[in-house]
1. Just checking, does the stretch 58-77 include any residue being among the basic types (K, R) and either touching a Cys at 6+ places or on another chain (Cβ under 8 Å) or at pLDDT below 95 (or both)?
2. Could you check how many residues of the stretch 207-229 are hydroxyl-bearing (S, T, Y) and in contact with a Gly (Cβ under 8 Å, 6 or more places away or on another chain)?
3. Only one of L46, L74 is over 21 Å from L304 (Cα atoms), over 18 Å from the mean Cα position of the chain (by Cα) and surrounded by 23 or more Cβ atoms within 10 Å (Cβ to Cβ); which?
4. Would you pick out the residues in the stretch 213-242 that are in a helix (DSSP H, G or I) and open to solvent by 10 Å² or more (accessible area, probe 1.4 Å)?
5. Out of R89, R93, R123, I need the residue that is open to solvent by 50 Å² or more (accessible area, probe 1.4 Å) and touching a residue at least 24 places away in the same chain (Cβ under 8 Å). Which one?
6. Given the structure, is L97 at pLDDT 95 or above, closer than 18 Å to Y310 by Cα and in contact with an Asp or Glu (Cβ under 6 Å, 6 or more places away or on another chain)?
7. Would you say L362 is at pLDDT 95 or above, open to solvent by less than 50 Å² (accessible area, probe 1.4 Å) and not hydroxyl-bearing (S, T, Y)?
8. Of the conditions (1) over 29 Å from L182 (Cβ atoms); (2) open to solvent by less than 30 Å² (accessible area, probe 1.4 Å); (3) modelled with pLDDT under 95, S302 clears all except one; give me its number.
Amino acid sequence: MRGDPKPARIGGHLPGLDGVRGLAILMVMAVHFVGDATPRTFGERLAVKLGNYGVLGVDAFFVLSGFLITGLLLDAKGEPHYFRNFYARRTLRIFPLYYSVLALLFLVLPSVAALPPALEESRVHQAWMWTYTANFYIAAKASWALPYVSHFWSLAIEEHFYLLWPLVVFSFRRETLERICLGVIVAALALRIGLSLLGTSELSISVLTPCRVDTLCVGALLAAMARRDQGVAPLVRRSGQAALAIGAATLLVSAFCAATRMGLAVLHPIRGTLFAMFFGAVTLMSLRRSEQSLAARAFQGSWLRTFGKYSYGLYVYHGVLSFQMLEWRVVDRLEPLLGSHPLAIAVQTVLGVGASLLISVLSYELFEKRFLVLKRFFAPETSSAATPPPQAVVVPGAVERRLD
């Protein structure tokens, strides 16, 4: 509640988190530029299989969002205009790009040209997009039933989280919030298992907000724990071992599922929670000092951070572009020119990622930043009072603890 003591504050810009975001968007783009290809050889089947594991990038995004948003809310708790500032800043970051793309696809383009049949199909059902309920439509159809924009399902889930979570954080003490996060994680897992046992489509389960909120709450739980009196340092120190242990458990579950095909209705949902826990550990690993951790050095590298900086635009634009490239049969057109089907897939990937990045950079620098500068009018009043340097944690008593 408003009278809670202020939690330990994780301050400054933490570059490793940009790197985690960059890894997540690269994984997601691999799904659409590689995973959607039609394989012909064993090597291509392996590449497509690995590409499709990039869907886990969405899990990484969810964990990171839960961690960052909960941290921001906890740090702002008790400040004036708690709700106004949060919702205004989220609106300025998310709505301009999201609704501009919808307007372009569903209002502007139809007025100047006939839409491709697939895009016209999505235009017919555009209300689901405008209201951030696309995930429920996809779940009801049990298919990616919104061509060009089906990937917006995850943005809908995040928006639901942004809508409700500030009230939860505001209403409960940090210690209670930790227990709420644990309860939500268990409840979401139980719901996924129950729906799976009832024969509900795995796709439907994977896009429903109540079934995926545990991933966000893994990040939220870590953010709350990081604001205990001892700070985030103990969590960061144990993050590497946790990632190895959780990763090993995930591989064992996956191997058992693949070898026996037994208990999938229970084990697949459990594996989903393990993935979330793994990315939670990875998020903490990115906070280490770069000179002390190879993983942290990678996450804090400029190339991953660049993809992380433009990840929102990349996510929005790449899905539209990748679907159009499939419609244009780019791989089939490139193969005669290059004399190789695998090379054609590789070139399509480079072209797709490159074009997506170019569009996203232009969008951010020329359009989105015009709205982002307005966020300063909704900044917490104490945010600039004593912001610590990156990779540091301030705890009560003004004691600085390095993240090592």
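The values are calculated or read from the model by the stated rules, or taken from the named source; none is laboratory data. Since the model is a prediction, treat every value here as computed from it, not as a measurement. Note: ideal-geometry Cβ built from the backbone for every residue, glycine included; neighbour counts use all protein chains shown. Protein only, heavy atoms only, side chains kept; ligands, DNA and RNA dropped before computing areas. Shrake-Rupley method; radii C 1.70, N 1.55, O 1.52, S 1.80 Å.
1. Taking the stretch 58-77 and keeping what is among the basic types (K, R), we get 77.
When the remaining residues are screened for being either touching a Cys at 6+ places or on another chain (Cβ under 8 Å) or at pLDDT below 95 (or both), the result is 77.
Yes, the stretch 58-77 contains a residue that is among the basic types (K, R) and either touching a Cys at 6+ places or on another chain (Cβ under 8 Å) or at pLDDT below 95 (or both).
2. The number of residues fulfilling the criteria is 1.
3. On the way: L46 fails: surrounded by 23 or more Cβ atoms within 10 Å (Cβ to Cβ).
The match here is L74.
4. Keep residues of the stretch 213-242 that are in a helix (DSSP H, G or I), which gives 213-225, 233-242.
Scanning the stretch 213-242 gives V213, V218, L221, L222, M225, P234, L235, R237, R238, G240, Q241, A242.
5. Values: R93 fails: open to solvent by 50 Å² or more (accessible area, probe 1.4 Å); R123 fails: touching a residue at least 24 places away in the same chain (Cβ under 8 Å).
When all the criteria are applied, what remains is R89.
6. yes
7. no
8. (2)
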